[in-house]
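The values are calculated or read from the model by the stated rules, or taken from the named source; none is laboratory data. These numbers were taken from a predicted model, which means no experiment stands behind them. Note that each Cβ is placed from the backbone with ideal geometry, even for glycine, and that neighbours are counted across all protein chains shown.
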Amino acid sequence: MANLTLHLQTDKGFDPTSIQKELESLSVVQSADVKAGHYRGVGPAEIIAGISLAVTAIKSASEAVDAITKFVTAVQELMKAGKGLREAVVDVGMRRVPVAELTKPDIEKLAAQVTAQP
């Protein structure tokens, strides 16, 4: 089961397999289930990734905060690398928050979500 849901806006023709490989190469990611979503009009594609963090290493909320912070930093670096990613948004409760705008309370809420799952 995914711990986090990441929504990525990409350039047209972007290969979802490449982002799956990039995400799974991150040390804090156990697996990434990446699917191409629906196109919004004529613009960029949306890719939805169900991210499972390496929860075996996460035993407390503070460790989860560290893991999520590392994950967010890595996603921001992927965005800056210019590999066809335009925007990344994470589901925080019932809200979708751009990774660049995640606050400490948002990350703590995600950490509680990660540590609560079996």
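Some observations on this one:
- Check on A61, small (G, A, S) and either touching a strand residue (DSSP E or B) at 6+ places or on another chain (Cβ under 9 Å) or modelled with pLDDT of 80 or more (or both): no
- Number of residues in the range 91-118 that are out of contact with any helix residue (DSSP H, G or I) (no Cβ under 6 Å at 6 or more places or on another chain) and in a strand (DSSP E or B): the value is 4.
- Tallying residues that are assigned to a loop (DSSP other than H, G, I, E, B), free of Cβ contacts under 8 Å to residues at least 24 places away in the same chain and surrounded by 13 or more Cβ atoms within 10 Å (Cβ to Cβ) within the range 76-90 yields 0.
- Among the candidates V99, V28, V55, the residue that is hydrophobic (A, V, I, L, M, F, W, C), modelled with pLDDT of 85 or more and closer than 16 Å to Q113 by Cβ is uniquely V99.
- Count - residues of the range 91-113 that are crowded, with 18+ Cβ neighbours inside 10 Å and out of contact with any strand residue (DSSP E or B) (no Cβ under 8 Å at 6 or more places or on another chain): 3
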